[in-house]
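Structure record follows, encoded as structure tokens.
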Amino acid sequence: MREQRVTANGIEINVAVTGHGPAFLLLHGFPHTWRLWTAVLPHLARGHRVIAPDLRGLGATTRAGDGYDAGTLAADAEALLDALDEPAATVVGIDAGAPPAFLLAMRRPERVRRLVLMESLLGGLPGAEEFRPPWWFGFHAVPGLAETVLAGHEAEYLGWFLDAGTRGRGVPPAIRRHFTEAYTGQEALRCAFGHYRAMPESAAQLAAATATGRLTVPTVAIGAHPVGNALAHQLRPVADDLTTHLIEDCGHIIPLDRPDALLPLLAAG
């Protein structure tokens with residue numbers, strides 16, 4: 001595996017690349033970096049070229065001043081595929097990585113062989129009305145607030161998400177340290193919360209895409225705790241080819257909590 005920086009869509013994207021074969025593009029969420037996929041990368045790389053970037057502003061990717069909406073993140077992903085000479089990939093998105101993966105498949109279906117979305121909601125698309133946004137969405141969305149309040153307490157704050165996202169089982173210490181370092185400091189936090197502050201713009205982009213088109217690529221929706229089947233309910237009215245799975249006894253951070261259950265679902269098809 002090699003970690004490299006690639007110029008794409010006007011930023012420097014830090015990306016891990018390993019393996020050979022048809023490509024997988026893995027898009028993480030908050031509070032993660034590409035190392036979210038540590039437990040699944042070696043297995044996927046046995047028959048695929050696996051591309052796992054840090055999203056815009058996160059990890060070692062450029063801490064951009066803007067562009068945290070799903071549409072720009074989708075453009076980042078497509079530009080990364082171009083830079084790595086990949087015409088198409090199986091695109092996997094979790095949490096904040098799911099809306100840009102969805103928009104990439106809607107806008108450029110020829111670039112997406114298969115779409116796998118998990119533990120996320122797609123803006124205000126119908127089907128998830130019973131799911132209440134968690135408390136931190138509002139906290140993160142207020143410009144300048146969360147990064148000021150949390151500076152100096154990043155380890156404690158991120159640790160809560162890592163423990164809650166694995167139903168108390170936690171993540172390996174080395175990965176916990178890496179995530180904490182990646183999100184330490186006001187500028188790192190500002191970029192992380194930029195993804196939340198762009199959610200209204202992202203929601204409008206998602207609504208516009210589904211108002212004028214359908215999701216035509218083979219799609220897999222994977223739920224765990226707490227999103228469950230809400231994502232599948234949003235996708236069902238707009239997807240032509242949808243398969244759904246619910247992983248029992250699994251927290252939000254599926255690739256680290258239950259990689260054993262996730263891997264067969266990623267490898268299928």
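Restricting to the range 192-213, name every residue that is within 16 Å of the chain's Cα centre (by Cα) and either among the aliphatic types (A, V, I, L, M) or surrounded by 22 or more Cβ atoms within 10 Å (Cβ to Cβ) (or both).
Listed by number, the residues that qualify are 192, 193, 194, 195, 198, 199, 202, 203, 206.
Of the numbered conditions (1) in a loop (DSSP other than H, G, I, E, B); (2) surrounded by fewer than 24 Cβ atoms within 10 Å (Cβ to Cβ); (3) touching a strand residue (DSSP E or B) at 6+ places or on another chain (Cβ under 9 Å); (4) not basic (Lys, Arg), residue 42 fails exactly one; give the number of that condition.
(1)
Tell me which residues, restricted to the range 237-256, are in contact with a Leu (Cβ under 6 Å, 6 or more places away or on another chain) and closer than 23 Å to residue 129 by Cβ.
Step one: filter the range 237-256 for residues in contact with a Leu (Cβ under 6 Å, 6 or more places away or on another chain), giving 238-239, 242, 245, 254-255.
The answer is 238, 239, 242, 245.
Sort through 127, 93, 71, 67 and tell me the only one that's surrounded by fewer than 24 Cβ atoms within 10 Å (Cβ to Cβ) and within 29 Å of residue 261 (Cβ to Cβ). Spell out the reasoning first.
Working: 93 fails: surrounded by fewer than 24 Cβ atoms within 10 Å (Cβ to Cβ); 71 fails: within 29 Å of residue 261 (Cβ to Cβ); 67 fails: within 29 Å of residue 261 (Cβ to Cβ).
Only one candidate passes the filter, namely 127.
Looking at (1) farther than 21 Å from residue 26 by Cβ; (2) of a type outside the set (A, V, I, L, M, F, W, C); (3) surrounded by 22 or more Cβ atoms within 10 Å (Cβ to Cβ), can you tell me which one residue 183 breaks?
So the condition that residue 183 fails would be (1).
Which residue is nearest to the chain's Cα centre (by Cα), if the candidates are limited to the range 214-230 and must be farther than 20 Å from residue 260 by Cβ and part of a loop (DSSP other than H, G, I, E, B)? Working first, answer last.
First pass over the range 214-230, keeping only residues farther than 20 Å from residue 260 by Cβ: 214-219, 226, 229-230.
Right, trim to part of a loop (DSSP other than H, G, I, E, B) and you get 214, 216-218, 226, 229.
On the way: 214: 21, 216: 20, 217: 18, 218: 18, 226: 16, 229: 17 Å.
Within the range 214-230, the match that is nearest to the chain's Cα centre (by Cα) is 226.
Test each condition in (1) free of Cβ contacts under 8 Å to residues at least 40 places away in the same chain; (2) among the charged types (D, E, K, R); (3) surrounded by fewer than 20 Cβ atoms within 10 Å (Cβ to Cβ) for residue 154 and report the one that comes out false.
Of (1) free of Cβ contacts under 8 Å to residues at least 40 places away in the same chain; (2) among the charged types (D, E, K, R); (3) surrounded by fewer than 20 Cβ atoms within 10 Å (Cβ to Cβ), only one is false for residue 154: (3).
Here, each number is a calculation from the coordinates, and none is a lab measurement. From a predicted model like this one, the values you see are computed outputs, not experimental measurements. Note: ideal-geometry Cβ built from the backbone for every residue, glycine included; neighbour counts use all protein chains shown.
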